[in-house]
Amino acid sequence: MQESTIWTSIERNDRKLDSLFDSLENAYSFKRVILLNEEEEYQYAIHEFRNNPFKNIRYVSGQIVKFKREREVDSFNIDNDSITQEQTNNPPIIGYSNFVVFNKNIWIEQKGRILGQRQVLNAILKFCEEKIKIEKLDIDFVTDSKAMDQFIETQEKIILIRFSNIILNPDNPDRNIQRFEEIIKDSNSKNTEFSNSSGEGINKESSIVKGGLKLAEMQKLNVKIEGEIGGEKQEFNSSKGRNKQKEKVKYEKGKRDESVMSKLIQKIKELI
């Protein structure tokens, strides 16, 4: 069996992603190719783009293909133990990933390490940046809240919590969130930090701390937590890929796209 990883990203300001649909379709129709970095030797293109309705709900799907800019590959001749460069008829593919854009979510498949989920997301957004006239979208991968809760529970004490990239939610009825946001408003900052390395450390039951952690679960901020176990420092950082929400999809050889797309469609059904 083979496997891929499915990553979930969300628009942090709750904006709908309909604006991406036509932009992606336009980029696909005109076979536009992009560079994520001028110094990079790879380019990216959209492949197998589909504009799909599901129970009168629209979503789009496709693949981001990563390929070499030059039509050359290194080949190894086993017989004479030599490595040479060969010209190819078309640019060599490095890898590809399936994706789905729906409402406020983008789901991205990652197969191995040759095409990372962040590269795919950046490519999708770059294809669209010239067409989007609305306020800039704020899309990021979803934090694994279960991993965050487990980290906090296992620490003997918490010595630092740093909240950053905060989006305020003034209409949220949660009292803990209201207490947290009162502190943020007073400091007039999108970042705040609490620290206490003495005694038992930071009070995890504080309403302000609970409010901040709740916003982390809602993807309204990033959080870095430092704790201690047996005097050794431990760290949870929601910006790190290892702490992002992801799941595996297993499939037989030759059934990758079918199995991955089936899983992504299931993700849509779960939100309807």
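The values are calculated or read from the model by the stated rules, or taken from the named source; none is laboratory data. As the structure is a prediction and not an experimental result, all values here were calculated from the model. We place every Cβ from the backbone using ideal geometry, glycine too, and count neighbours over all the protein chains shown. Each accessible area value is taken on the protein alone, full model and side chains, heavy atoms only, with ligands, DNA and RNA left out. Shrake-Rupley method; radii C 1.70, N 1.55, O 1.52, S 1.80 Å.
About its Cα centre, what dipole magnitude does the chain give when the only charges are +1 on Lys and Arg Cβ and -1 on Asp and Glu Cβ, stated in debye to the nearest 20?
Numbers: 45 positive and 45 negative charges, 184 e Å.
Charge dipole of the chain: 880 debye, to the nearest 20.
Under unit Cβ charges (Lys, Arg +1; Asp, Glu -1), what dipole magnitude, rounded to 20 debye, does region 145-258 have relative to its Cα centre? Display every interim value, and only then the final one.
Details: 22 positive and 20 negative charges, 118 e Å.
Computed about the Cα centre, the dipole is about 560 debye.
To the nearest 10 degrees, how steeply does helix 145-154 sit against the main Cα axis of the chain, on a 0 to 90 scale?
50
What per residue convex hull volume, in Å³, comes out for region 1-120 when only alpha-carbon positions are used?
Value for region 1-120: 153 Å³ per residue.
Under the definition of Cα pairs under 8 Å and six or more residues apart, what whole-number percent is the relative contact order of the chain? Before the final figure, lay out the partial values.
On the way: 494 pairs, mean separation 61.3, N = 272.
It comes to 23 percent, rounded to a whole number.
Can you give the relative contact order of region 1-86 as a percent, counting alpha carbon pairs under 8 Å and 6+ residues apart?
Details: 89 pairs, mean separation 15.2, N = 86.
That works out to 18 percent.
I'd like to check one number: the per residue accessible area of region 145-258, probe 1.4 Å, reported in Å² as a whole number. Mind dumping the intermediate values first?
On the way: 6630 Å² over 114 residues.
Accessible surface, normalised per residue, equals 58 Å².
Hey, which of these cross-link pairs are over 27 Å Cα-Cα: Lys16/Lys190; Lys136/Lys255; Lys126/Lys240; Lys111/Lys240; Lys190/Lys248? Walk me through the numbers before you get to the answer.
Details: Lys16/Lys190 23 Å; Lys136/Lys255 37 Å; Lys126/Lys240 22 Å; Lys111/Lys240 18 Å; Lys190/Lys248 34 Å.
Beyond 27 Å: Lys136/Lys255; Lys190/Lys248.
Using a probe of 1.4 angstrom, how much of the accessible area of the chain is carbon and sulfur, in percent?
Working: 6680 of 15450 Å².
For the chain, the apolar C and S fraction of the accessible surface comes to 43 percent.
Quick check for you: which residues of region 98-128 have the amide N under 15 Å from the point 7 Å beyond the Cα of Lys68 toward its beta carbon?
It comes to no residues whatsoever.
Compare the Cα positions of Phe99, Ser82, Ile114 along the charge dipole of region 24-142 (+1 at Cβ of Lys, Arg; -1 at Cβ of Asp, Glu; about the Cα centre) and return the one farthest towards the positive end.
Phe99
On full extension of the chain, what length is gained from Lys55 through Glu247, given 0.36 nm per residue of separation minus the C-alpha to C-alpha distance? Before the final figure, lay out each step's value.
Values: separation 192, 0.36 × 192 = 69.12 nm, distance 2.56 nm.
That pair, Lys55 and Glu247, stretches by 66.6 nm at full extension.
Would you mind calculating the relative contact order of region 157-239 from Cα pairs under 8 angstrom and at least 6 residues apart, reporting the percent as a whole number?
Numbers: 144 pairs, mean separation 34.8, N = 83.
Relative contact order here is 42 percent.
Order of 111-120, 4-13, 227-236 by packing, highest average Cβ count within 10 Å first? Before the final figure, lay out the partial values.
Details: 111-120: 17.6, 4-13: 19.5, 227-236: 13.1.
Result, highest mean Cβ count within 10 Å first: 4-13, 111-120, 227-236.
Per 0.36 nm of contour for each residue apart, how much would the distance between Ser262 and Glu200 grow if the chain were fully extended, relative to their Cα-Cα spacing?
Gain in length upon complete extension: 17.5 nm.
If r is the Cβ-Cβ distance from Ser29 to Asn165 and R0 is 30 Å, what FRET efficiency results, to the nearest 0.05? Kindly include the intermediate steps, with their values, before the conclusion.
Numbers: r = 35 Å, r/R0 = 1.16.
Working from the Cβ atoms, E equals 0.30.
Which value, in debye to the nearest 20, describes the size of the charge dipole of region 14-141 about its Cα centre when Lys and Arg Cβ atoms bear +1, Asp and Glu Cβ atoms bear -1, and nothing else is charged?
Values: 19 positive and 21 negative charges, 169 e Å.
With only Lys, Arg, Asp and Glu charged at Cβ, the dipole is about 820 debye.
If you compute Rg/Rh (Cα atoms, Kirkwood Rh) for the structure shown, which of [x] 1.08; [y] 1.05; [z] 1.32 do you land on?
The value computed from this structure is option [y].
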